[in-house]
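Asker: Here you go, one structure.
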Amino acid sequence: MGDRPSVRAVLSRARTFAAARPAKQKAGAAAAGVLLASAPFGGLAAAPEPPPQQLRLGQPMTVGPFEVAIDKVVELPDLAPAITPEPTQRVVVVDAVVTLTGDRPEYAVTLTNNLRVTGGGVKTTERPSLYVVDDATRMSVFNPGVSYRLAIAFVTDGPWQGETATVRANQVVFREEDRGTLNPNAWVGLDEIQWQGSVPLERRS
């Protein structure tokens, strides 16, 4: 800290540098000096990322090509016949209506890779499984323009603690050419939370 030049010294050097420049460069040099002088106090700090959008029950949110409206979050001992966990485990289900808004079929993994439920003092499966509520069939491909009521199911390593769960969704963007995959025109999840909210957790035995 002791050998860091003072703000006065930096500004003095900036003025000397600017005075020796051609007239057209003086203004820019002076501005650059002020910016550099303010750097230790945050002048060059990156702009903070905006906070996630607030997720609320019943309010549609966009996850890439999907529109997702969550009705409730429920803890169950099982989701038979689809899921039968160990006796010490539980199933947390996000009951939601999901609509594919694009004009082509999309794999369910685009949604499951980017949707998470956390909290409750427990660990959950990294990615959920999707089941159609009406007949418990597993969802793997969405058709465009169709709305599905789905059980978005996570298995936990124990009973949920507390009365709320945090649901979050990552930002998903469309890339015409994605070097990370062999498929062009792909939806790609980013490591940025776009939606997040704390919602009530219902328990059923």
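Asker: How many nm separate the modelled label positions at Asp71 and Lys123, each set 7 Å beyond the Cα in the direction of the Cβ?
Answerer: It works out to 3.2 nm between the two label points.
Asker: Give me the compactness ratio for region 107-205, meaning the Cα radius of gyration over 2.2 N^0.38 Å.
Answerer: Ratio of Rg to 2.2 N^0.38 Å for region 107-205: 1.22.
Asker: Heads up, I need the accessible area for Thr101: 1.4 angstrom probe, whole protein in place, Å², nearest 10.
Answerer: 90
Asker: Compute the FRET efficiency between Thr84 and Ser147 as 1/(1 + (r/R0)^6), taking r as their Cβ-Cβ distance and R0 = 35 Å, and round to the nearest 0.05.
Answerer: It comes to 0.80.
Asker: I've got another one for you. Once you put a point 7 Å from the Cα of Arg56 and another 7 Å from the Cα of Tyr107, both along the Cβ direction, what distance in nm separates them?
Answerer: 3.5
Asker: Output wanted: per-residue J couplings in Hz (rounded whole) for region 56-70, from phi through Karplus 6.51 cos²θ - 1.76 cosθ + 1.60, θ = phi - 60°, x for Gly and Pro.
Answerer: Values, residue by residue: 9, 4, x, 9, x, 10, 9, 10, x, x, 9, 9, 10, 10, 8 Hz.
Asker: In whole Å, what is the distance between the alpha-carbon centres of region 119-160 and region 56-73?
Answerer: 13
Asker: Further question: So what does Lys123 come to for accessible area, using a 1.4 Å probe and Å² rounded to 10?
Answerer: 150
The values are calculated or read from the model by the stated rules, or taken from the named source; none is laboratory data. If you're wondering where the values come from, they're calculated on a predicted model, not measured in any experiment. Quick reminder, even Gly has a Cβ in these numbers, built from the backbone with ideal geometry, and neighbours come from all protein chains shown. Side chains included, ligands, DNA and RNA excluded: accessible areas come from the protein's heavy atoms. Shrake-Rupley method; radii C 1.70, N 1.55, O 1.52, S 1.80 Å.
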